[in-house]
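Okay, structure first, notes after.
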Amino acid sequence: MTERPAKIQRDWVSKTIAGTVLGLALALAAGGAVMRLSSATPMIAAQFAMWIVPPVWMGVLSLCYLFRNGLRTWLWLGAATLLAYALLYAPDVVRYATTSAAPTP
């Protein structure tokens, strides 16, 4: 018997767009985390943050095709992006909340 070749899934466009857009957002969040957590001089930390973005972006873009469909890709990468930015900006939000809640003399 002859076997039919596997069908090409139609949601590869959705996966590609999700990986491109949300992958870039995740990569920029990773660069921001490097800048925030680095104890190096700002110039060295900025260089490392700049160079970390493309590998993270391409890694996410490569792994986005492992999801079952495009909707799952958007949901999981969207949730990961929101979590990454929430963790990135949490110290600033806490600092702002504690300083603005203090009574003024």
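Nothing in this text is a laboratory measurement; each read-out follows from the coordinates by a stated rule. Model, not experiment: these values are computed from the prediction. No Cβ is skipped: glycine too gets one built from the backbone with ideal geometry, and neighbour counts run over all protein chains shown.
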TODO: Give the label of the value calculated from the structure for mean projected area of the Cα convex hull in nm², choosing from (1) 10.0; (2) 6.7; (3) 8.2.
DONE: (1)
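How would you rank Trp57, Trp76, going from fewest to most other Cβ atoms within 10 Å of each one's own Cβ? Present the calculation step by step, with values, prior to reporting the outcome.
Working: Trp57 21, Trp76 14.
Final ranking by Cβ density, sparse to dense: Trp76, Trp57.
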Open item on the list: Between helix 70-100 and the chain, what is the angle of the helix's C-alpha long axis to the longest principal axis, kept within 0 to 90° and rounded to the nearest 10?
Closed with: 0
TODO: Kindly state, to the nearest 0.05, the FRET efficiency for Val93 paired with Trp12, given R0 = 41 Å and r defined as their beta-carbon distance.
DONE: 0.65
Open item on the list: Compute the helix-to-body angle for 42-63: its Cα long axis versus the longest principal axis of the chain, expressed 0 to 90° and rounded to tens.
Closed with: 30
TODO: For the chain, find the longest principal axis of its Cα atoms and tell me its angle to the long axis of helix 12-37, 0 to 90°, nearest 10.
DONE: 30
Task: Footprinting exposure proxy for Ile52, Ile17, Ile44 (fewest neighbouring C-beta atoms within 10 Å first) - done: Ile44, Ile17, Ile52
